[in-house]
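S.K.: Below are the structure tokens for one structure; questions will follow.
The values are calculated or read from the model by the stated rules, or taken from the named source; none is laboratory data. What you are looking at is a predicted structure, and each value in this text was computed from that prediction instead of being measured. Every residue, glycine among them, receives a Cβ derived from its backbone with ideal geometry; neighbour counts consider all protein chains shown. SASA here: full protein model, heavy atoms, side chains in, ligands and nucleic acids out. Shrake-Rupley method; radii C 1.70, N 1.55, O 1.52, S 1.80 Å.
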Amino acid sequence: MAVLERLRPDHAPALLAFERENRAYFAARVPDRGDAYFEEFDARLRELIEAQEAGEIHFHVLVAEGGEIVGRVNLVEVDADAGSAELGYRLAEKATGRGLATRGVREVCRLAVEEYGLSRLTAVVTVGNDASSAVLARAGFGAVGGMTLDGEPCTAYELDLTTVRGLSGGSGSDRP
Ligand SMILES: CC(C)(COP(=O)(O)OP(=O)(O)OC[C@H]1O[C@@H](n2cnc3c(N)ncnc32)[C@H](O)[C@@H]1OP(=O)(O)O)[C@@H](O)C(=O)NCCC(=O)NCCS
């Protein structure tokens, strides 16, 4: 079973393989990363790790047996004062349809509360990406409005982490 790990420098080769192998699958659903992303992968990863150490982002990978990366679940635009961040995720095509994205998102919601001190997550999904909308709905997100991103109609979602049962640290938790 894949385990969620915080992104580290030594994930680099497996992460690049994941992005390369699934590039066409992702590009059919979300904007393509572009050739420069792959050419400058190592330098960009170093910048991400620095931003992560500064608390600006929190990146996670889903690691299968043997070290293969089969997904990523990321928090960007972290605003420590507002207690908010934006959620993004993508799964290897071969790992989809088994609830793995839902499990990864739920785990990152728990980390958002317990480790990162956040109280609200946002996400944006292109209209028609029903698998992604289903993941958010099952994690407790609600649609809060429409918008256009890169010319595509999208739906904005939000999750108030303080109201999600089973996540510690929130006023909605029954735990002491
Ligand atoms: C979106 C994505 C992360 C879903 O991953 P996943 O591991 O298959 O997700 P899960 O198995 O946890 O849940 C998917 C749910 O959507 C449903 N689903 C899948 N395809 C669907 C479709 N075309 N229409 C409606 N529902 C669909 C599945 O049946 C499942 O629900 P169920 O378990 O109740 O049946 C994956 O498809 C992906 O990486 N897509 C490309 C990148 C992307 O779109 N990222 C999100 C950007 S907002």
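S.K.: Summing -39500 (n - 2.57) over the DSSP H runs of n ≥ 4 in the chain and dividing by its residue number, what mean residue ellipticity at 222 nm do you reach, to the nearest 500 deg cm²/dmol?
M.R.: Value at 222 nm, helices only: -9500 deg cm²/dmol.
S.K.: If you count only protein heavy atoms and use a 1.4 Å probe, how large is the accessible surface of THR96, to the nearest 10 Å²?
M.R.: It works out to around 60 Å².
S.K.: Can you give me the distance in nm between label points at ALA80 and ARG138, each placed 7 Å from the Cα along the Cα-to-Cβ direction?
M.R.: For ALA80 paired with ARG138, the spin-label model returns 3.4 nm.
S.K.: For the chain, list log₁₀ I(q)/I(0) at each q in 0.15 Å⁻¹, using the Debye formula over Cα point scatterers of equal strength and ignoring solvent, two decimals each.
M.R.: Each listed q maps to, in turn, -0.90.
S.K.: Something else: Go ahead and run the numbers for FRET between VAL3 and GLU158, Cβ-Cβ distance against an R0 of 30 Å, rounding to 0.05.
M.R.: 0.60
S.K.: Rounded to whole Å, give me the distance from the Cα center of region 12-89 to that of region 105-170.
M.R.: 17 Å
S.K.: Would you mind telling me which residue in VAL164, VAL144, VAL70 has the biggest mean-square fluctuation in a Gaussian network model of the chain, where springs connect alpha carbons within a distance under 10 angstrom?
M.R.: Among VAL164, VAL144, VAL70, the largest mean-square fluctuation in the Gaussian network model of the chain belongs to VAL144.
S.K.: Give the relative contact order (percent, whole number) for the chain; include only Cα pairs under 8 Å separated by 6+ residues.
M.R.: For the chain, the relative contact order is 16 percent.
S.K.: How large a share of the accessible area of region 1-88, in percent, is made up of carbon and sulfur atoms when the probe is 1.4 Å and the other protein chains stay in place?
M.R.: Using a 1.4 Å probe with all protein chains present, region 1-88 comes out at 49 percent carbon and sulfur.
S.K.: Which order do LEU4, LEU136 take when ranked by solvent-accessible area (1.4 Å probe, heavy atoms of all protein chains), largest first?
M.R.: Output order, biggest surface exposure first: LEU4, LEU136.
S.K.: Under a crude label model (7 Å from the Cα following the beta-carbon direction), how far is ALA24 from PHE38 in nanometres?
M.R.: Those two pseudo-labels are separated by 1.1 nm.
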